[in-house]
1. Since residue 260 meets every condition but one in (1) in contact with a Phe, Trp or Tyr (Cβ under 6 Å, 6 or more places away or on another chain); (2) of a type in the set (Val, Ile, Thr); (3) outside any helix (DSSP H, G or I), which condition does it not meet?
2. I need every pair where a residue in segment 268-286 that is under 23 Å from residue 62 (Cα atoms) has its Cβ under 6 Å from the Cβ of a residue that is of a type in the set (A, V, I, L, M, F, W, C) and part of a helix (DSSP H, G or I), sequence separation at least 6 or different chains.
3. List every residue pair whose Cβ atoms sit under 9 Å apart, with the two residues 6 or more apart in sequence or on different chains, where the first one lies in segment 124-144 and is over 21 Å from residue 12 (Cβ atoms) and assigned to a loop (DSSP other than H, G, I, E, B) and the second, anywhere, is open to solvent by less than 60 Å² (accessible area, probe 1.4 Å) and charged (D, E, K, R).
4. If we scan segment 225-239, do we find a residue that is more than 22 Å from residue 254 (Cα to Cα) and either in contact with a Ser or Thr (Cβ under 6 Å, 6 or more places away or on another chain) or of a type in the set (Val, Ile, Thr) (or both)?
5. So for segment 191-214 (the condition being of a type in the set (Gly, Ala, Ser), within 15 Å of the chain's Cα centre (by Cα) and surrounded by fewer than 19 Cβ atoms within 10 Å (Cβ to Cβ)), does at least one residue qualify?
6. Could you please find all residues in segment 166-207 being free of Cβ contacts under 8 Å to residues at least 60 places away in the same chain and hydroxyl-bearing (Ser, Thr, Tyr)?
7. Suppose the filter is of a type outside the set (Lys, Arg), open to solvent by less than 60 Å² (accessible area, probe 1.4 Å), touching a residue at least 24 places away in the same chain (Cβ under 8 Å) and not in a helix (DSSP H, G or I); does residue 222 pass it?
Amino acid sequence: MHGYIDSINIPLHLPASAFKPSTSSNTNNSNNNKGKGKATNQDAVKEGQYDVVASWNAKDLQEVEKMVKMASILGYSTLMLNISIPPTFDPSKLSFPTPLFPSIDPRTAKPGTQGLVLQVWRITVENYSDEAVKGAGQKGWYGFANSTAPLYPQQTTLLSVVPTTLSSFSHVALSLSPPSAHSPTLITLDPSLSPRLPFPLKRGMISTLARFGVCFEIILRGITRQDLEGEQAGESGKRRRNWISGAREVVRATEGKGVVFSSGARSAGEMRGAQDLINLCSLIGMPAAQAKDALTVNPQRAIMRGLSLRSTYRGVISNPVLKIYAPTMTNTDGEKSEMEVDTTTTEGGQKGTTPKKRPVEGGENTEAETTTKQIGGASGEKGRSNGKAKKRKV
């Protein structure tokens with residue numbers, strides 16, 4: 001994984017019930033026939049599954065394919081397909097193919113195919129408010145908890161969150177940022193929505209997030225999209241002013257470190273080239289080198305962190321090395337030696353033991369023994385000189 005990385009939004013057609021906490025329990029009204037009851041529950045599970053791609057119409061599928069191909073034209077090598085869900089939607093109901101377009105993915109494309117783009121999936125929990133924090137892990141509320149961590153599909157590369165209040169942001173920074181299976185990797189912000197950020201960026205929380213590798217993601221869609229129907233004239237200029245002030249505040253608080261820029265596009269016309277985004281960052285006080293890292297190094301680290309958290313325990317991926325020291329044994333020659341057994345784990349999982357003998361007494365002089373003798377001799381001469389000095393004094 002190398003080159004420029006971008007993230008786009010995938011269209012979702014969730015029902016209205018997905019935005020409300022579910023309070024109804026799955027009860028079987030027909031208790032007379034157990035066999036029919038089991039069949040009914042299985043049918044309910046099948047109906048509860050939400051296939052992301054199957055819910056698209058022909059226009060949605062054409063637009064998503066156009067965005068993926070546009071990413072290759074603009075110079076992006078990796079594209080994150082973002083699924084935004086509310087904290088009241090069960091993520092275990094999501095199902096999506098991996099990769100989305102196998103013909104242009106480097107993992108499944110034919111050799112020699114041009115315009116390849118690596119397609120990875122990510123899930124964003126939007127509108128993470130105080131109610132979502134209080135209801136995390138409870139019935140009808142999902143998000144980030146030990147009980148809800150296994151609900152996310154295995155194809156999910158990383159998790160991100162959109163906090164809306166200071167309390168929810170503090171909860172993410174202090175409670176969710178340590179490595180775990182449900183830890184979010186990105187804190188997504190869209191500065192164009194309001195003149196100020198929804199919460200102040202305190203330096204202590206930012207340092208905590210940076211220590212655990214959590215990045216701030218700044219969405220660019222607010223300044224690249226066209227005016228929607230019903231919006232008043234001049235809304236585009238207002239969004240641009242809001243975005244510049246909010247993004248400048250993020251860069252000032254983080255000193256430009258750990259920032260990720262994403263287009264968040266919903267159509268191909270909202271995507272921009274990497275060099276255009278680097279030039280845009282000059283308006284918010286970010287140097288060109290840091291702006292390039294925000295499109296290459298930082299998102300790559302976020303993806304690798306998300307993969308390590310999803311596939312390992314607390315992101316620990318190194319192999320431990322165990323050294324066993326056997327008790328002292330006596331050789332046939334009367335020499336005492338200590339057996340040192342070095343047990344290491346190779347990449348293939350095989351263990352190898354290498355015995356080493358170290359003479360303890362009666363062996364040949366080594367550098368350590370010579371040094372010890374020299375030190376002992378020096379201390380002995382010093383002791384004799386001190387004794388002579390005492391005798392003379394007496």
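1. Result: residue 260 fails condition (1) only.
2. Taking only residues 6 or more apart or on different chains, the pairs are 268/67; 268/70; 271/70.
3. Partner pairs satisfying both residue conditions: none exist.
4. The initial filter retains those residues of segment 225-239 that are more than 22 Å from residue 254 (Cα to Cα), namely 225-239.
Subsequent filtering for residues that are either in contact with a Ser or Thr (Cβ under 6 Å, 6 or more places away or on another chain) or of a type in the set (Val, Ile, Thr) (or both) retains 227, 239.
Yes, that holds for at least one residue.
5. The initial filter retains those residues of segment 191-214 that are of a type in the set (Gly, Ala, Ser), namely 192, 194, 204, 207, 210, 213.
Within this subset, residues satisfying the condition of being within 15 Å of the chain's Cα centre (by Cα) are 210, 213.
Filter again for surrounded by fewer than 19 Cβ atoms within 10 Å (Cβ to Cβ), leaving 210.
Scanning segment 191-214, I find at least one residue that is of a type in the set (Gly, Ala, Ser), within 15 Å of the chain's Cα centre (by Cα) and surrounded by fewer than 19 Cβ atoms within 10 Å (Cβ to Cβ), so the answer is yes.
6. Result: 167, 168, 170, 175, 177, 192, 194, 207.
7. Details: of a type outside the set (Lys, Arg): yes; open to solvent by less than 60 Å² (accessible area, probe 1.4 Å): yes; touching a residue at least 24 places away in the same chain (Cβ under 8 Å): yes; not in a helix (DSSP H, G or I): no.
Criteria not met by residue 222.
Each row is one residue, and each column tells you yes or no for (1) in contact (Cβ under 8 Å) with a residue 24 or more places away in the chain; (2) buried (at least 18 other Cβ atoms within 10 Å of the Cβ).
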{"site": "54", "(1), (2)": "no, no"}
{"site": "59", "(1), (2)": "no, no"}
{"site": "67", "(1), (2)": "yes, yes"}
{"site": "76", "(1), (2)": "yes, yes"}
{"site": "79", "(1), (2)": "yes, yes"}
{"site": "86", "(1), (2)": "yes, yes"}
{"site": "90", "(1), (2)": "yes, no"}
{"site": "97", "(1), (2)": "yes, no"}
{"site": "101", "(1), (2)": "yes, no"}
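The values are calculated or read from the model by the stated rules, or taken from the named source; none is laboratory data. This is a predicted model, so every value here is computed, not measured. A quick note on method: Cβ atoms are made from the backbone with ideal geometry, for glycine too, and the neighbour counts reach across all protein chains shown. With ligands, DNA and RNA removed, areas are computed over all heavy atoms of the protein, side chains included. Shrake-Rupley method; radii C 1.70, N 1.55, O 1.52, S 1.80 Å.
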